[in-house]
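Below is one structure, written out as structure tokens; comments come after it.
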Amino acid sequence: MIRVVEKIPMTRRLETNVQFFGRFTWKDLIRLCLPVALALLVAPPIERNHIMWLITVGIGGWLGVIWYGIRPNGYTLDYQLYHLIRWFLSGSN
């Protein structure tokens, strides 16, 4: 039996986002982790006050989840903010 295989060349560059755990892109991971990392930088040392450290990191975690999860009109908040600033600076009507 002879198999006929037709080769079709790629006509353009394949543009797909790499997704971690089948869901998160690298931008999503930044949206989730950046507020926690910033909270760890400004949190008081854990040796002095455990409760304040946990509250600060918890608030950072919630802000990351909100930043990732809320998508007005299907776009993320940082995307909306970027275009709002661009719209104001361009002097549109």
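Distance between the modelled labels on LEU34 and LEU81, one decimal in nanometres: 0.7 nm (7 Å Cα→Cβ projection). Here the range 25-64 is scanned for amide nitrogen atoms under 17 Å from the site 7 Å beyond the Cα of ILE70 along Cα-to-Cβ, giving 31-36, 59-64. A DSSP coil position with no more than 12 other Cβ atoms inside 10 Å describes the following chymotrypsin sites (Phe, Trp or Tyr not before Pro) in the range 16-78: PHE21, TYR75.
Only the coordinates and a few stated rules stand behind these numbers; no lab work does. No experiment lies behind these values; they were computed from the predicted model shown. Here Cβ is always computed from backbone atoms with ideal geometry, including for glycine, and neighbour counts include all displayed protein chains.
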